[in-house]
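Structure first, then comments.
The values are calculated or read from the model by the stated rules, or taken from the named source; none is laboratory data. Note that this is a predicted model, so its numbers are computed, not measured. As a convention, Cβ positions derive from the backbone with ideal geometry for all residues, glycine included, and neighbour counts pool all protein chains shown. Just the protein is used for accessible areas: all its heavy atoms, side chains included, with ligands, DNA and RNA removed. Shrake-Rupley method; radii C 1.70, N 1.55, O 1.52, S 1.80 Å.
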2 protein chains.
Amino acid sequence: MNSISITFLGTGSAIPTEKRNHISILLNYKEENILIDCGEGTQRQFRKAKINPCRLTRILITHFHGDHTFGLPGLFQTLALNSYQKTLHIYGPNGTKKFIENIFQTFIPKSNRIKFDVHEVKGKFLETKDFQITAFPLNHDCPCNGYLFEEKDRLRIDKNKIKNMNLPNIPEISKLTLGKNIKINNKTIKFKNVTYLEKGRKISFILDTKLCPNAIKLAKDSDLLIAESTFLDNSENGSRLAKDYMHLTAKQAAEIAKKSKAKQLILTHFSQRYDNKEKTLLDEAKKIFPNSKISEDFMTLEI
Amino acid sequence: MNSISITFLGTGSAIPTEKRNHISILLNYKEENILIDCGEGTQRQFRKAKINPCRLTRILITHFHGDHTFGLPGLFQTLALNSYQKTLHIYGPNGTKKFIENIFQTFIPKSNRIKFDVHEVKGKFLETKDFQITAFPLNHDCPCNGYLFEEKDRLRIDKNKIKNMNLPNIPEISKLTLGKNIKINNKTIKFKNVTYLEKGRKISFILDTKLCPNAIKLAKDSDLLIAESTFLDNSENGSRLAKDYMHLTAKQAAEIAKKSKAKQLILTHFSQRYDNKEKTLLDEAKKIFPNSKISEDFMTLEI
């Protein structure tokens, strides 16, 4: 099974701290390297993580607030300086085309531009033979998407079932995993008899929203839910600030994880006021959803 | 004497490295905190340096290339989030008004804006009772200013000359330093007899230019010359790249320091290719101008 690797390039929110850059998350799966949001300084985080940004294939923008996007001009420029040859696909909510056009107009000379293609997306917008990605509108103070990455279910050969069949080691056998019956030595082998269905993995990204039904729908049955938890619910101003600025508290992120039956929750996008007090956020989430973790800059995990 | 303090918030060039952020330099003098250029990530460098960006009074932009300006949107936003109350004065070459206007249009919602005033400058553009700043057009591939900060010369009381005069400790005496004669106990004290002229300090900033006469003129008699040295002259491609991209080599920066009779040279704005090889740049400069130094991120010095 190919691993899906998640690297947190930044885990802070509006104001960066010594240890947390603005938000940015990299998902690697096979040849795909998909960046979710790109706060200021993301290109340097790539450098520190020793990941070549030219490996990028796509960028998913949740919304246009600065802490999610101010790293784009520098990243575009550095890709051009490094002779990025691919067409970079950029996805986001309504307004993304104008937003990206303005970035290039304002900041990037025509002589120093990469090839790119901007897509304003809602619902399922990308499907390959291996995975699909769906955008769910969330409820922030501007157009804002959450994203669901879903690996496709796969047929796998049940080695126990075929080990006594004495089959030759021929490429033909792999057709079984495509749902096709095969004939070997005049004997038909039915794929249904020797394969099992391996469920694809689901990873959901909820970055900037207030608690809303779509957040739970998006996260449904996720193997991993990555959710903002800008504020601590159980604090003097936390729940009020979350309401005023349309963010989640750690408690609400955990409620989404619980209601959506996610398997694991990683909290991110913390207000600077909780710098070095992240354990209070984690404790609050764990009370509702025990399998919760705090993200740190440069933390990598494999799903 | 009030110190003039220089803090290097970033010392890299187009592509940041693990230890060098893009260029940005802070000059503090009395109540003034003047930022020269603002590469991406500068607001986080402020945070790491434990300097409150709300202390900023002015920003001098040398030119619009990304490594000198991509930190502006995030800095403007963070100042607004921190309730910056002053009017931020922003200076730069022709085109700065449109450039700053585009940044606000593209990136900063109207509800989250600081007060600011943009000045397109050439020649002496700012004079206070303590200092003046002059912009010198340099020779880069776009409009580009170098800046000269000059403290004003001051009359100082010569303590040796007045110590036997038995003068009372009254505020009147300070008038002597304004070039005025005073009368104490019916005796006239002429300022010329009891004061000396203390020369003001000169700090010059040359960030992005090819070698040109104005660079030498700007740096003339500087107490401190801070100059880009993106490339190493004595290397396979260094002098060619410097020529092609209109930058200085370490050797050329040292030549400017020598010809201008600067007292000290600090090299900065290094290409990432010299990461951990900065000594080669320093050695090249020292051959021509011995009092040369390499800048590092967060290095602070008092002049």
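Given the Cα-Cα distance of A:T87 and A:F191 and 0.36 nm per residue of separation, how much length would full extension add, in nm? If you can, show how the numbers build up before the last one.
On the way: separation 104, 0.36 × 104 = 37.44 nm, distance 3.86 nm.
Between A:T87 and A:F191, full extension yields 33.6 nm more.
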Threshold 30 Å², segment B:59-82 residues less accessible with all protein chains present than alone (1.4 Å probe): B:F70, B:Q77, B:L81
Other copies of B:N164: label-to-label distances in nm, shortest first, labels 7 Å along the beta-carbon direction: 12.0
Summed buried accessible area for A+B [probe radius 1.4 Å, Å², rounded to 100]: 3000
Estimated vicinal HN-Hα couplings, Hz - segment A:27-36 in sequence order (Karplus 6.51, -1.76, 1.60; Gly, Pro = x): 10, 10, 8, 6, 8, 8, 10, 10, 9, 9
For the B-to-A rotation axis, chain B residue with nearest beta carbon and its distance in angstrom: B:G41, 2
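What accessible area per residue comes out for segment A:155-196, rounded to a whole number of Å², with a 1.4 Å probe?
Values: 3310 Å² over 42 residues.
Result: 79 Å² per residue.
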Nitroxide proxy distance, nm - points 7 Å out along Cα→Cβ at A:K277 and A:K110: 5.3
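Please state, as a whole number in µm²/s, the translational diffusion coefficient that the Stokes-Einstein equation yields for the protein assembly as shown at 37 °C and 0.692 mPa s, with Rh defined as the Kirkwood radius across alpha carbon pairs. Write out the running numbers ahead of the final one.
Numbers: Rh = 27.2 Å.
Estimated diffusion coefficient is 121 µm²/s.
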Selected from B:G123, B:G95, B:G179 as most flexible by GNM, with chain B as the system and alpha-carbon contacts under 10 Å: B:G179
Amide H contacts under 5 Å for B:G146, placed H, 5+ residues apart: B:F136, B:L138
Teacher prompt: A:Q105 distances to equivalent labels in other copies, 7 Å Cα→Cβ, nm: 0.5
Fluctuation leader among A:I203, A:I170, A:I36 - chain A, Gaussian network, Cα springs under 10 angstrom: A:I170
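Between B:D141 and B:A80, what's the calculated FRET efficiency when r is the beta-carbon distance and R0 is 30 Å? Round to 0.05. Intermediate values should be presented prior to the final figure.
Details: r = 33 Å, r/R0 = 1.09.
Calculated value: 0.40.
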Residue-normalised accessible area of segment B:209-257, given per residue in Å² at a 1.4 Å probe: 41
Amide proton proximity set for B:H22, modelled H, under 5 Å, gap of 5+: B:G12
Per-residue SASA entry for B:S83, accessible area with 1.4 Å probe, Å² rounded to 10: 70
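Ignoring ligands, DNA and RNA, what percent of the accessible area of segment B:155-196 is carbon or sulfur (1.4 Å)? Walk me through the numbers before you get to the answer.
Details: 1520 of 3310 Å².
Ligands and nucleic acids excluded, carbon and sulfur give 46 percent.
Which shape class, rounded, prolate or oblate, goes with segment A:219-274 when its Cα gyration tensor gives a ≥ b ≥ c as root eigenvalues, a/c under 1.5 marks rounded, and past that a/b bigger than b/c marks prolate?
Details: a/c = 2.63, a/b = 2.04, b/c = 1.29.
Since a/c reaches 1.5 and a/b is larger than b/c, the shape of segment A:219-274 is classed as prolate.
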Inter-label distance, nm, simple model (7 Å from Cα along the C-beta direction), B:E101/A:K122: 3.3
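What FRET efficiency would be calculated for the residue pair B:K48, A:M165, taking the C-beta separation as r and a Förster radius of 51 Å, to the nearest 0.05?
Details: r = 63 Å, r/R0 = 1.24.
Using R0 = 51 Å, I get an efficiency of 0.20.
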Mean separation of Cα contacts under 8 Å (6+ apart) over length of chain A, as relative contact order %: 17
Inter-label distance, nm, simple model (7 Å from Cα along the C-beta direction), A:E31/B:K287: 4.8
Surface accessible to a 1.4 Å probe, per residue, for the residues of segment A:1-81, Å²: 23
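What are the GluC sites (Glu not before Pro) within segment B:12-116 that DSSP puts in a loop, where the Cβ has at most 16 other Cβ atoms within 10 Å? Spell out each step's value before the answer.
Numbers: sites: B:E18, B:E31, B:E32, B:E40, B:E101; in loops: B:E18, B:E31, B:E40.
Listed in order of number, the matching sites are B:E18, B:E31.
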Inter-copy separations for A:K263, label at 7 Å along Cα-Cβ, nm, ascending: 6.7
Alpha carbon centroid spacing (whole Å) that separates segment B:178-192 from segment A:248-303: 73
Among A:I90, A:I25, A:I206, residue whose mean-square fluctuation peaks in a GNM of chain A (springs only between Cα atoms under 10 Å): A:I90
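Can you classify chain B as rounded, prolate or oblate using the Cα gyration tensor, where a ≥ b ≥ c are the square roots of its eigenvalues, rounded means a/c under 1.5, and otherwise it's prolate if a/b beats b/c and oblate if not? Write out the running numbers ahead of the final one.
Numbers: a/c = 2.25, a/b = 1.44, b/c = 1.56.
Oblate, since a/c reaches 1.5 and b/c is not below a/b.
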Between helix B:250-259 and chain B: long-axis angle, C-alpha atoms, 0 to 90°, nearest 10: 30
Antiparallel content of DSSP bridges confined to chain B, in %, to 5: 60
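Per-residue Cβ counts within 10 Å, from other chains only, averaged over A:102-112: what number is that? Walk me through the numbers before you get to the answer.
Working: counts 5, 3, 0, 3, 11, 11, 1, 5, 0, 1, 3.
Rounded to a whole number, the mean comes out at 4.
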Nearest 10 degrees, 0 to 90: helix A:96-107 Cα axis against chain A principal axis: 60
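Once you order the gyration tensor axes a ≥ b ≥ c over the Cα atoms, which shape class does segment B:155-196 get: rounded for a/c under 1.5, otherwise prolate or oblate by comparing a/b with b/c?
Numbers: a/c = 1.44, a/b = 1.13, b/c = 1.28.
In terms of gyration-tensor shape, rounded.
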